[in-house]
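Student: Take a look at this one; I'll ask things after.
The values are calculated or read from the model by the stated rules, or taken from the named source; none is laboratory data. Treat the numbers as computed from the prediction; the structure is a model and nothing was measured. Because the Cβ atoms are built from the backbone with ideal geometry, glycine has one as well, and the counts that use them run over all protein chains shown.
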Amino acid sequence: MKDIDTIQRQLDRVLAFFPRVEARITGLFGVNTLILAICALNVSAEDLKLWYVSVPGALFVAALGTSYTYLFKANFPDVRGGEGSLVYFGEIRKRTEVGYRDEVIACSDEKYRDDLIGQTWRNADILCSKYEGVKKAIIATTISLVPLFIFLAATATIHGRIPFFKS
């Protein structure tokens with residue numbers, strides 16, 4: 001594959017996946033924040049003195065904290081690399097406008113092709129790390145649901161929101 005247009009299309013194909021993973025990050029962040037707000041609205045300081053509220057609450061917060069950590073890592077992946085690249089935004093920024101223009105004009109087709117191939121690989125690597133982070137965050141959020149439901153049931157029972165248990 002030596003055709004620059006073909007290589008450019010491959011890079012574009014990889015870059016087209018970024019909005020998908022970004023949407024998942026944003027969506028899960030919203031879900032996590034909503035879950036956290038629901039818990040905050042259903043608990044009082046007195047409730048936390050009870051072990052059957054504080055233990056599932058702590059497990060829930062730990063799992064949700066893990067999810068937030070993975071979301072943060074997915075949202076801000078390691079973007080180092082691409083030294084000397086004429087395509088990578090981080091390396092373009094290190095140059096002046098005139099310097100960048102002069103380097104692009106002086107660049108051979110072979111060097112540009114190699115740069116595109118390197119950028120395709122690097123962006124695929126970044127994309128994979130973002131997807132892995134989102135996957136781990138989804139798993140952590142899913143794990144948090146069991147202690148969340150126990151926590152909500154306990155606080156609802158304490159505050160008489162479950163008619164069956166009202167005294």
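Student: Hey, can you tell me all the residues within the stretch 1-49 that are assigned to a helix (DSSP H, G or I), at pLDDT below 95 and either of a type in the set (S, T, N, Q) or in contact with a Phe, Trp or Tyr (Cβ under 8 Å, 6 or more places away or on another chain) (or both)?
Tutor: Scanning the stretch 1-49 gives Ile4, Thr6, Gln8, Gln10, Cys39.
Yes or no, residue by residue, for (1) in contact (Cβ under 8 Å) with a residue 60 or more places away in the chain; (2) in contact with a Phe, Trp or Tyr (Cβ under 8 Å, 6 or more places away or on another chain):
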| position | (1), (2) |
| --- | --- |
| Val53 | yes, yes |
| Gly57 | yes, yes |
| Thr66 | yes, no |
| Asp78 | no, no |
| Gly81 | no, yes |
| Phe89 | no, no |
| Lys94 | no, no |
| Gly99 | no, no |
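Student: Can you name the residue in the stretch 64-92 that is within 24 Å of Arg20 (Cα to Cα) and of a type in the set (A, V, I, L, M) and, of all such residues, is surrounded by the fewest Cβ atoms within 10 Å (Cβ to Cβ)? Steps first, please.
Tutor: Kept after step one, since they are within 24 Å of Arg20 (Cα to Cα), are these residues of the stretch 64-92: 64-82, 87-90.
From what's left, of a type in the set (A, V, I, L, M): 64, 71, 74, 79, 87.
Details: Leu64: 23, Leu71: 23, Ala74: 23, Val79: 13, Val87: 19.
Among those that are within 24 Å of Arg20 (Cα to Cα) and of a type in the set (A, V, I, L, M), it is Val79.
Student: Kindly establish whether Tyr100 is aromatic (Phe, Trp, Tyr) and either under 17 Å from Leu15 (Cα atoms) or not in a helix (DSSP H, G or I) (or both).
Tutor: Details: aromatic (Phe, Trp, Tyr): yes; either under 17 Å from Leu15 (Cα atoms) or not in a helix (DSSP H, G or I) (or both): no.
In short, no.
Student: Residues Val53, Val98: which one is buried (at least 17 other Cβ atoms within 10 Å of the Cβ), among the hydrophobic types (A, V, I, L, M, F, W, C) and farther than 29 Å from Ser129 by Cβ? Don't jump to the end; show me each part of the working.
Tutor: On the way: Val98 fails: buried (at least 17 other Cβ atoms within 10 Å of the Cβ).
Being buried (at least 17 other Cβ atoms within 10 Å of the Cβ), among the hydrophobic types (A, V, I, L, M, F, W, C) and farther than 29 Å from Ser129 by Cβ holds for just one of Val53, Val98, which is Val53.
Student: State yes or no: is Asp12 under 18 Å from Ala124 (Cβ atoms), out of contact with any Cys (no Cβ under 7 Å at 6 or more places or on another chain), of a type outside the set (Ser, Thr, Tyr) and surrounded by fewer than 18 Cβ atoms within 10 Å (Cβ to Cβ)? So that I can check it myself, show each step before the final result.
Tutor: Numbers: under 18 Å from Ala124 (Cβ atoms): yes; out of contact with any Cys (no Cβ under 7 Å at 6 or more places or on another chain): yes; of a type outside the set (Ser, Thr, Tyr): yes; surrounded by fewer than 18 Cβ atoms within 10 Å (Cβ to Cβ): yes.
Against the criterion (under 18 Å from Ala124 (Cβ atoms), out of contact with any Cys (no Cβ under 7 Å at 6 or more places or on another chain), of a type outside the set (Ser, Thr, Tyr) and surrounded by fewer than 18 Cβ atoms within 10 Å (Cβ to Cβ)), Asp12 qualifies.
Student: Looking at (1) at pLDDT 90 or above; (2) under 30 Å from Arg113 (Cβ atoms); (3) of a type outside the set (Lys, Arg), which is the one condition that is false for Val79?
Tutor: Result: Val79 passes all but (1).
Student: Also, quick follow-up: Does Leu59 fit the bill of being in contact with a Pro (Cβ under 6 Å, 6 or more places away or on another chain), assigned to a helix (DSSP H, G or I) and surrounded by 14 or more Cβ atoms within 10 Å (Cβ to Cβ)? Show your work before the answer.
Tutor: Numbers: in contact with a Pro (Cβ under 6 Å, 6 or more places away or on another chain): yes; assigned to a helix (DSSP H, G or I): yes; surrounded by 14 or more Cβ atoms within 10 Å (Cβ to Cβ): yes.
Yes.
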